[in-house]
1. With respect to the numbered conditions (1) under 14 Å from Leu166 (Cα atoms); (2) of a type outside the set (A, V, I, L, M, F, W, C); (3) buried (at least 17 other Cβ atoms within 10 Å of the Cβ), which one is the sole condition not fulfilled by Ser100?
2. Of the residues in the stretch 141-176, how many are in a loop (DSSP other than H, G, I, E, B), modelled with pLDDT of 95 or more and closer than 22 Å to Lys196 by Cα?
3. Taking the condition of being among the basic types (Lys, Arg) and either surrounded by 15 or more Cβ atoms within 10 Å (Cβ to Cβ) or on the phi > 0 side of the Ramachandran plot (or both), how many residues in the stretch 35-64 meet it?
4. Please find, among Asn106, Asn75, the residue that is in contact (Cβ under 8 Å) with a residue 40 or more places away in the chain, in contact with a strand residue (DSSP E or B) (Cβ under 8 Å, 6 or more places away or on another chain) and either assigned by TED's automatic domain parsing to the domain that holds Phe40 or part of a strand (DSSP E or B) (or both).
5. Considering the stretch 222-238 alone, what residues qualify as being out of contact with any Gly (no Cβ under 8 Å at 6 or more places or on another chain) and at pLDDT 85 or above?
6. For residues that are assigned to a loop (DSSP other than H, G, I, E, B) and under 20 Å from Asp273 (Cα atoms), tally how many sit in the stretch 354-393.
7. Could we say that Val258 is at pLDDT 85 or above and assigned to a loop (DSSP other than H, G, I, E, B) here?
8. Being in a loop (DSSP other than H, G, I, E, B) and without any contact (Cβ under 8 Å) to a residue 60 or more places away in the chain is the filter here, so list the residues in the stretch 270-298 that pass it.
Amino acid sequence: MRILISLLITITCLQATAQEYTSIAKEFLNQNKSTYLFEFQDINELKVTTSSFSKSLNAQTVYISQYYQGIEIANSSSIFLIRDNEVISSSISFEKNIISKINSTNNAIEPITAIHQAASSMELNFNTNTSSTGTDQNGILHFSNSSLSSKPIKLNPIYIKTENILRLTWQVYIETNDNQHMYLLYIDSISGELIKEIDLVISCNFSHDEENQHQPRHSSYFTETFSTQTATTFMDNSQYNVYALPLESPNHGNESIVNSPADPVASPFGWHDTDAVVGPDFTITRGNNVFAQDDFDGDGSTIGASPDGGITLDFSFPQQLDVPARDNINGSTVNLFYMNNMMHDIWYQYGFDEASGNFQSNNYGNGGLEGDFVVADAQDGSGFNNATFGTPGDGGNPRMNMFLWNAPTTGGVNPLTINNSNLAGSMMVSQQLSAILYRVLIVL
């Protein structure tokens, strides 16, 4: 009973805070009406999507979206920086004169039809055994169709602007069974036409063409871009044999042993904890921020093998670059685990924390949704010469697929020096940056 009462109090406080922020934002817009020229209906329905406190700015960063008759207007998310109940800065993306731009307020197409239209538009193979499984607390409809996705298919109405018209659409979210795509598909609710598609899975583009050679950069790239983590005070005696930052890859230096590298602020119980009690919950490459495993067959399951460091957390597996990549799976998976955790701890210092929607199993009471640690697949067998990172909304597990590389067989082109992508740090950094933008700006 005490837990239930505490939860209700917390929810009530969060709702009150959101209402306060929208009131502050509306007051700011009304005071500056001559600048923004919004009509009453334009700002009548505003809702806070996310908010977090910025230590560097000493202010609350609040994202607010625009709605009409309970339906969100896409790409209307506006940022308000609030300090002492006043807006000190803003970036406004709200639509003006929305009543004159709305094409409809009623969906002519049923949700299941919209799902099938979306899947057909992307040429996905599926049967029509789609069924409703309910509605979540945010009003998003959930459906099931195992031929399309092993995850819930999510759907909600939303307005999309095309040619100065706000078209009512169904936003359909599908994670494909091959784990290659996390689609946001927008189906016109009147015509059934696919009018927009977004894939939340980020992939890199590489080529062996002479004009697009990938030469090693100087390791100072990392040194200049990221500040180092704070002095470690939490010691779990863990050790990892890796290409430690600021090295990007074996092209830039040698492997080394790092000891207890977890940042005490970002990962206060180390990298192998999930229960907020001192002592590792996992002795494999799994913990609060990431679960790193092999995925040789490329099926995207979570039953791949992971290196085991034992109770002493000794992950000093050798990095063997002179053997077939599969024989170096322990070393490459440890490096993948290390890099993901380092990115987590570094981004944390820049404000990508629990309240901002970062990737953690346990948020340690610091806000945000839990259970969304990164699932990182080493030597994924579903592709070559690339890497992908799929990022659903807060609370959904991101998926990182690191593929192997093969050298060109013709043309006299210099092959990439490193053919094991788990050892290439710069690729992972760029994907994590893009993933952060998706997580912060897109709410499912």
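1. Here Ser100 meets the rest and fails (3).
2. Looking only at that region, the number is 1.
3. If we filter the stretch 35-64 for residues that are among the basic types (Lys, Arg), which is where we start, we get 47, 55.
The next check asks that each one be either surrounded by 15 or more Cβ atoms within 10 Å (Cβ to Cβ) or on the phi > 0 side of the Ramachandran plot (or both); those that pass are 47.
Here the count works out to 1.
4. On the way: Asn106 fails: either assigned by TED's automatic domain parsing to the domain that holds Phe40 or part of a strand (DSSP E or B) (or both).
Step by step, each of Asn106, Asn75 is checked, and only Asn75 is in contact (Cβ under 8 Å) with a residue 40 or more places away in the chain, in contact with a strand residue (DSSP E or B) (Cβ under 8 Å, 6 or more places away or on another chain) and either assigned by TED's automatic domain parsing to the domain that holds Phe40 or part of a strand (DSSP E or B) (or both).
5. We begin by selecting, within the stretch 222-238, every residue out of contact with any Gly (no Cβ under 8 Å at 6 or more places or on another chain); these are 223-233, 235, 237.
Asn237 - this is the single residue of the stretch 222-238 that is out of contact with any Gly (no Cβ under 8 Å at 6 or more places or on another chain) and at pLDDT 85 or above.
6. Residues of the stretch 354-393 assigned to a loop (DSSP other than H, G, I, E, B): 354-373, 385-386, 391-393.
Imposing the further condition that a residue be under 20 Å from Asp273 (Cα atoms) reduces the set to 354-355, 357-373.
Selection size over the stretch 354-393: 19.
7. Working: at pLDDT 85 or above: yes; assigned to a loop (DSSP other than H, G, I, E, B): no.
Considered against the rule, which asks whether it is at pLDDT 85 or above and assigned to a loop (DSSP other than H, G, I, E, B), Val258 comes out as no.
8. Narrowing the stretch 270-298 to residues in a loop (DSSP other than H, G, I, E, B): 270-283, 285, 287-289, 295-298.
Passing the criteria: Gly270, His272, Val277, Val278, Gly279, Pro280, Asp281, Phe282, Thr283, Thr285.
The values are calculated or read from the model by the stated rules, or taken from the named source; none is laboratory data. Just so you know, these numbers come straight off a predicted model, no measurement behind them. Reconstructed Cβ throughout: ideal geometry from the backbone, glycine too, with neighbour counts over all protein chains shown.
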